[in-house]
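Chemist: Sharing a structure, written as structure tokens. Questions coming.
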Amino acid sequence: MADQVWRLRRGHEVVGVLTLEAVDMFWTDCRFEPSAGWSALKPFIDASRAAWERKDQEAAIEADEAIYALGLELVPERGGEIIRDFLLRISGDTARFRY
């Protein structure tokens, strides 16, 4: 299971690499390795996490919608369907997504 890997892309730019660690109900938990495009995405991810942590649901949903509007994709390294419709959480070297 741990050899499932996705490239998090924005257009043709790789933002990071997610390596599967576990599946928890609806969420896929991964190890996160940032790539060159991470610095442009990080403020959006930080805004979402901060809003959820302070339980500001309206701001959190707005932040998640802003992330979605970036057109991110999860591209499986070993082929398969590209995931385009997902929620994403990243904190340090961990990431989780739900699709």
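Chemist: In degrees between 0 and 90, to the nearest 10, how far off the longest principal axis of the chain does helix 57-69 point, with axes built from Cα atoms?
Modeler: Compared with the principal axis, the helix lies near 40 degrees.
Chemist: Report, in degrees rounded to the nearest 10, the 0 to 90 angle that the Cα long axis of helix 38-53 makes with the longest principal axis of the chain.
Modeler: Long axis of 38-53 versus the principal axis of the chain: about 50 degrees.
Chemist: Please compute the net charge surrounding D3, taking Lys and Arg as +1 and Asp and Glu as -1 over other residues with Cβ under 10 Å from its Cβ.
Modeler: Here the count lands on 0.
Chemist: Using only alpha carbon positions, build the gyration tensor of the chain, then give the equivalent ellipsoid semi-axes as the square roots of 5 times its eigenvalues, largest first, whole angstrom.
Modeler: So the equivalent ellipsoid measures 21, 15, 12 Å along its semi-axes.
Chemist: As a test of the formula, what do you get for the chain when each DSSP H run with n ≥ 4 contributes -39,500 (n - 2.57) and the sum is divided by the residue count, at 222 nm and rounded to the nearest 500 deg cm²/dmol?
Modeler: So the helix-based figure for the chain works out to -9500 deg cm²/dmol.
We did not get these values from a lab; they are worked out from the coordinates using the rules stated. Bear in mind that the values here come from a model prediction, so they are computed numbers and not experimental data. All Cβ positions, even for glycine, are placed from backbone atoms using ideal geometry, and neighbour counts span all protein chains on display.
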